[in-house]
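Colleague: Handing you a structure now.
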Amino acid sequence: TSVGMRRGGPLVIYEILRSGPEDTSEALAARAKRLVDAGADAVSVRIDQESGPAGEKDLFLVSRAINGRVPVFARDFFIHPLQICDAKMAGATGIIGITASVTGRGTPILSSYAASLGTQMLSPAARS
């Protein structure tokens with residue numbers, strides 16, 4: 001499933017993250033399914049270590065619960081292509097995140113790599 005513009009306006013991507021240590025991967029998956037049932041265009045799952053101890057498991061169970069009905073994005077700080085592989089294997093149809101590399105050419109390189117895997121890459125916009 002591809003993310004783009006809907007007729008008449010942008011798409012809304014809902015971000016799923018743990019509200020506390022008591023949240024489980026199963027609870028996140030159920031929450032994502034409810035959002036999709038309510039009309040979400042896409043879902044983003046935070047997989048960084050600060051957001052929870054089981055990011056890839058969260059992503060896997062959310063992807064499984066949604067079952068391809070909408071795109072599922074992994075959100076993280078991406079600095080290496082293997083992180084994109086891990087997200088793809090856990091069920092992500094795309095990634096959202098800050099990209100960087102030691103050489104400063106991280107975004108174009110990681111974007112090309114993601115595209116070679118059939119994975120969309122979105123970069124968040126920031127207001128100053």
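The values are calculated or read from the model by the stated rules, or taken from the named source; none is laboratory data. This is a predicted model, so every value here is computed, not measured. Neighbour counts are summed over all protein chains in view; Cβ atoms, including those assigned to glycine, are modelled from backbone coordinates with ideal geometry. The accessibility values were calculated without ligands, DNA or RNA, using every heavy atom of the protein model including side chains. Shrake-Rupley method; radii C 1.70, N 1.55, O 1.52, S 1.80 Å.
Colleague: Could we say that residue 16 is among the aliphatic types (A, V, I, L, M) and in contact with an Asp or Glu (Cβ under 9 Å, 6 or more places away or on another chain) here? Explain how you work it out, then say what you get.
Modeller: On the way: among the aliphatic types (A, V, I, L, M): yes; in contact with an Asp or Glu (Cβ under 9 Å, 6 or more places away or on another chain): yes.
The answer is yes for residue 16.
Colleague: Using the structure shown, decide if residue 25 is open to solvent by less than 40 Å² (accessible area, probe 1.4 Å), in contact with a Lys or Arg (Cβ under 6 Å, 6 or more places away or on another chain) and not acidic (Asp, Glu).
Modeller: Yes; evaluated as a whole, the condition is true for this residue.
Colleague: Of the residues 97, 68, which single one is of a type in the set (Gly, Ala, Ser), over 20 Å from residue 26 (Cα atoms) and modelled with pLDDT under 95?
Modeller: None of the other options fit; the residue is 97.
Colleague: Then there is this: In the list 95, 109, which residue meets the criterion of being aliphatic (A, V, I, L, M) and open to solvent by 40 Å² or more (accessible area, probe 1.4 Å)? Spell out the reasoning first.
Modeller: Working: 95 fails: open to solvent by 40 Å² or more (accessible area, probe 1.4 Å).
Within the list 95, 109, the selection yields 109.
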